[in-house]
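The values are calculated or read from the model by the stated rules, or taken from the named source; none is laboratory data. Owing to the predicted nature of the structure, the values given are computational and were not obtained by experimental measurement. As a convention, Cβ positions derive from the backbone with ideal geometry for all residues, glycine included, and neighbour counts pool all protein chains shown. Heavy atoms of the whole protein, side chains included, go into the accessibility calculation; ligands, DNA and RNA do not. Shrake-Rupley method; radii C 1.70, N 1.55, O 1.52, S 1.80 Å.
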Amino acid sequence: MSKQHLGHTARKRFGQNFLHDNYVIDQIVTAIGPQKDQHMVEIGPGLGALTEPVCELVDALTVIELDRDLAARLRTHPFIASKLTIVEADALKYDFSQLLSDDKPLRIFGNLPYNISTPLMFHLFSFANKVQDMHFMLQKEVVNRLAASPGNKSYGRLSVMAQYHCQIIPVLQVPPGAFNPPPKVDSAVVRLVPHQKKPVTLINEDTLHTVCAQAFNQRRKTIRNSLKESVSEKQLIDLDINPELRAENLSLEQYAKIANAVDSLT
Ligand code: SAM
């Protein structure tokens, strides 16, 4: 299939794979369920595949687009330009709390550029308490990682951090043919709903990050070894956690216990 779509040449460096399957687009918009009066925010509107149908349901929509040409096209869009607030920015660096002037929690969605999806998830988690929900099209593998339970081969740092911040609900799978140009991987849509009350209490969230990074960077090792810079074997035993376990066997609760123990010691 050509890299041209609606007169625009898809830019690989911006992860541009444009949705063109109306059935899939309808399913995504239905899953999002935009309502008037909600503060909807789209990341990477591109040529408007999701933006246009969402604009039919709401009076206003904020979009964040890095590609200058695409932002310019949206500014002169014949039907929806008047409803859009266009932010020309890198979503990875954008301070989403700037959008909270009307005090409404954000409903964020997008068919995300796959090359930045994991760091973007981490960036968005830092705004979780200002967000009502998020719906994203991602590489299927990333959705599997977000939703994975301990013991699953997809379970990793992203699973622990995502599940600390949000409830994760896979919504639908999308084949490469729904996009132009088609990506080389399968895709899926996921709903992330930030917890009103976090499932575990942490002294310091950053410590959970650090402990997970240490454990999963050496995921084949026992935690006795991979976490030895943070906790001793005796401390693990005192926490009722078997030091023979590997990173992928520990639950969020167990990671939280270790992180809090590290913070109590320092
Ligand atoms: N929403 C459109 C669709 O579904 O057809 C486009 C999706 S395309 C996969 C990703 C979009 O994100 C592109 O429009 C791209 O220019 C934009 N983008 C890429 N990197 C970005 C970033 N760091 N911040 C904001 N937008 C970005």
For the chain, calculated [θ]222 nm from helices alone, where every DSSP H run of n ≥ 4 adds -39500 (n - 2.57): -9000 deg cm²/dmol
Along Cα→Cβ, 7 Å out, is where each label goes; now give me the distance between the ones at S149 and I237 in nm to one decimal. 3.0
So if each residue of separation counts as 0.36 nm, and I subtract the Cα-Cα distance between D69 and L245, what length gain in nm does that give? 58.3 nm
Which of I108, T30, G46 sits farthest toward the positive end of the charge dipole of segment 1-110, with +1 on the Cβ of Lys and Arg and -1 on the Cβ of Asp and Glu? G46
Given a 1.4 angstrom probe, what's the average accessible area per residue across the chain, in square angstrom? 49
Correct response: the longest run of the chain lacking exposed GluC sites (Glu not before Pro), defined by DSSP loop and at most 12 other Cβ within 10 Å, is 57-228
Gain on full stretching of the segment that runs from K184 to Q35 - 0.36 nm per residue minus C-alpha separation: 50.3 nm
Any idea how far apart Q173 and D263 come out in nm if each label point goes 7 Å out from Cα toward Cβ? 3.9
Rounded to whole Å and sorted largest first, list the principal axis extents of the Cα atoms in segment 98-161. 42, 22, 15
What FRET efficiency comes out for D21 versus F122 if R0 is 45 angstrom and r is the Cβ-Cβ distance? Round to the nearest 0.05. 0.95
Trypsin sites (Lys or Arg not before Pro) restricted to DSSP loop in segment 66-121 with at most 16 other C-beta within 10 Å: K93
Please go through segment 126-199 and write out the trypsin sites (Lys or Arg not before Pro) that DSSP classes as loop and that have at most 13 other C-beta atoms within 10 Å. K153, K184, K197
Counting other Cβ atoms within 10 Å, which chymotrypsin sites (Phe, Trp or Tyr not before Pro) in segment 48-109 have at most 10 and lie in a DSSP loop? F79
